[in-house]
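The values are calculated or read from the model by the stated rules, or taken from the named source; none is laboratory data. Note that the structure is predicted; figures quoted are calculated from it, not measured. Glycine also receives a Cβ, built like all others from the backbone with ideal geometry; neighbour counts cover every protein chain displayed.
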Amino acid sequence: MTSKKKPENLRSYSWFGPDTMRGFSHRSRMMQVGYRREDFTGKPVIAIVNTWSEINPCHTHLRERAEAVKRGVWQAGGFPVEIPAFSITETYMKPSPMLYRNLLAMDTEEALRSLPIDGAVLMGGCDKTTPGLLMGAISANLPAIYLPAGPMLRGNWNGQPLGSGTDVWKFWAERCAGNVSDEDWNGIESGIARSPGFCMTMGTASTMTALSEALGMTVPGASSIPAVDSNHVRLAIDCGGRIVEMVWEDLKPRDILTPLALRNAITVDMAIGGSTNAIIHLVALARRLGFDLPLRVFDEISRHVPVLANIRPSGTFLMEDFYYAGGLRALMAEIRDLLNLDCITVNGKSLGENLQGARVVNSEVIRSREAPLMESGGTAILYGSLAPDGAVIKTVAADPRFWQHTGPAVVFTDFKDMEERIDREDLIVDENSVLVLQNAGPLGGPGMPEWGMLPIPKKLLQRGVRDMVRISDARMSGTAYGTCVLHVSPESYIGGPLALVRDGDNITLDIPSRKLDLLVPEQELERRRSEWIRPVPKEQRGYLALYRERVTQADKGCDFDFLLDAAESQI
Ligand code: FES
């Protein structure tokens, strides 16, 4: 460890060190808690930013893990303080937990900025908590390590492994088609989530924690360890010890999160068949750092990166299997020629050094370069008259029959309209139709709820249809699948072309050409545009009013415009 700092240079020392009335006050209040002056004065004060909550099932073990982090901090000569942060729980927050990613980012930034903190261990995992914590840490720019909560154990029902989200959609479709009994349904319900930890498919949580490791913000191997594995406790202790060293070394997020590190994260995202939500979050992280990250960069990288992680929803296995197969280090070692190995990481070593010795031990779960799940293009960015600023599709989770498809639109003006009409017998729809959902974007949702995997109409389910082309300005759960075009920008709520689609209009999806077009003459579109009236917002006060006023579009990361870094350069 090369120390760049002396105790009197610590940020916290300006609170606890001076022989002033303020210094007296700060010390006496810490002594009120029962600490001695030498416990905290001149020692790195480490915030354990904890998103634990009793209503966040993915984080129920984080209280215990915080104690393990504290152990590591004390052992390394630091002073730990646990700070609760807003716990975004994917399961329960309506209309969309995405609304609160920016709130967690602000919570984190302001806690780190306003308190006598020298460094932070960030504890999260459930989808939005990873980007929220990282965005806040970037803006605060104090030394920080990310400690992923870890995936839960595999689900189990009748001896079959069950995957979070993915198997819910699958068995729900079968139940709607009349193929699953009450007893079986109850068995699935009690078997699908068996331990603390986040969703164990390659959903947004597993994707974002993997990308935090690829970015260099976790200790090597951290993102793959299951939540209840004893190795996860040792990981927490290691994070506590390492963050103290990072404070002395003055190693900060902006030293680690370079444009090349962001490219590594995008490369890994493609190789794991990551959640489409990761695109929005990576763009937001980049823009916090002052870099513009256009969507076309994702497409460029996707075109030469194979999908190797055989994990649901794109593949067969689950995150527990991924860990036993070697985990993310093994996958990154498999694509090391596609990564920037010189990027520095939180342990002070380069990514290349961290990958030494990593190897795949089960090539069914982590495929070789010779036998990938998909050669390339696992996620594609589409442009065209329906999405001038871009749209996203997870090709690897879509039925190849629809990769080039033209069909008539069946339009739902919002989620409520869809819920009311989707299963009606008189809905004019067949398997070639294109289901369109409007007003589900950043402002329209608000918060881009995960409505993008529109349900297949019941009458088609009963005829055996399991996939159709679906288009919206919403997001889709990372655990979902199907031919779902998402994040259409600009969104319909602000008058993007998606707002102008009417029943029966033909729409062309052409993934190989990266095109998404509305086949309606420009003159007719102009007429519809002149008649279009912006919907009246339901929320006029509080956080939602702020959100509607200041959030950016999906292709810009859905951050608040006033939180972005001023100096922008392109990646
Ligand atoms: Fe927390 Fe899925 S509900 S990660």
**OP:** Kindly indicate whether Ala149 is crowded, with 24+ Cβ neighbours inside 10 Å, more than 16 Å from the ligand (Cβ to nearest atom) and among the hydrophobic types (A, V, I, L, M, F, W, C).
**Re:** no
**OP:** Considering only region 199-253, state which residues are under 22 Å from Phe79 (Cα atoms) and in contact with an Asp or Glu (Cβ under 7 Å, 6 or more places away or on another chain).
**Re:** Val219, Val247
**OP:** Restricting attention to region 36-60, report how many residues are assigned to a loop (DSSP other than H, G, I, E, B), surrounded by fewer than 23 Cβ atoms within 10 Å (Cβ to Cβ), within 23 Å of the chain's Cα centre (by Cα) and not β-branched (Val, Ile, Thr).
**Re:** 3
Subject >> region 170-198, residues that are out of contact with any strand residue (DSSP E or B) (no Cβ under 7 Å at 6 or more places or on another chain) and within 13 Å of the ligand (Cβ to nearest atom) >> reply: Ser195, Pro196
**OP:** Tell me, please, whether a residue that is within 16 Å of the ligand (Cβ to nearest atom) and of a type in the set (Phe, Trp, Tyr) can be found in region 32-48.
**Re:** no
Original post:
Hey, among Thr209, Thr166, which residue is modelled with pLDDT under 95, crowded, with 19+ Cβ neighbours inside 10 Å and either away from the ligand (no atom under 16 Å from the Cβ) or of a type in the set (Ser, Thr, Tyr) (or both)?
Top reply: Thr166
**OP:** Scan region 283-296 and give yes if some residue there is assigned to a loop (DSSP other than H, G, I, E, B) and crowded, with 20+ Cβ neighbours inside 10 Å, otherwise no.
**Re:** yes
Original post:
Inside region 477-495, can you point out the residues that are within 25 Å of the chain's Cα centre (by Cα) and either part of a strand (DSSP E or B) or among the small types (Gly, Ala, Ser) (or both)?
Top reply: Ser477, Gly478, Ala480, Gly482, Cys484, Val485, Leu486, Ser489, Ser492
**OP:** Filter region 61-88 down to residues that are within 16 Å of the ligand (Cβ to nearest atom) and in a loop (DSSP other than H, G, I, E, B) and give me whichever is nearest to the chain's Cα centre (by Cα).
**Re:** Ile88
**OP:** For residues that are outside any loop (DSSP other than H, G, I, E, B) and of a type outside the set (A, V, I, L, M), tally how many sit in region 443-465.
**Re:** 2
**OP:** Mind listing whichever residues of region 89-146 are among the charged types (D, E, K, R), surrounded by 24 or more Cβ atoms within 10 Å (Cβ to Cβ) and more than 16 Å from the ligand (Cβ to nearest atom)?
**Re:** Asp118
Subject >> Residue check for Asp229: closer than 30 Å to Lys4 by Cβ and either touching a residue at least 12 places away in the same chain (Cβ under 8 Å) or touching a Gly at 6+ places or on another chain (Cβ under 9 Å) (or both) >> reply: no
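Which helices (runs of 4 or more DSSP H) does region 311-417 wholly contain that include 1 or more residues that are more than 25 Å from the chain's Cα centre (by Cα)? Steps first, answer last, please.
Details: elements: 319-324, 327-334, 351-354.
The helices (runs of 4 or more DSSP H) meeting that bar are 351-354.
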Original post:
Just to be sure, is Ile256 away from the ligand (no atom under 16 Å from the Cβ), in contact with an Asp or Glu (Cβ under 8 Å, 6 or more places away or on another chain) and over 24 Å from Ser53 (Cβ atoms)?
Top reply: no
**OP:** Pick out the one residue from Ala474, Ala440 that is buried (at least 24 other Cβ atoms within 10 Å of the Cβ), touching a helix residue (DSSP H, G or I) at 6+ places or on another chain (Cβ under 7 Å) and assigned to a loop (DSSP other than H, G, I, E, B).
**Re:** Ala440
**OP:** Look at region 248-274 and say how many of its residues are touching a Cys at 6+ places or on another chain (Cβ under 7 Å) and surrounded by fewer than 19 Cβ atoms within 10 Å (Cβ to Cβ).
**Re:** 1
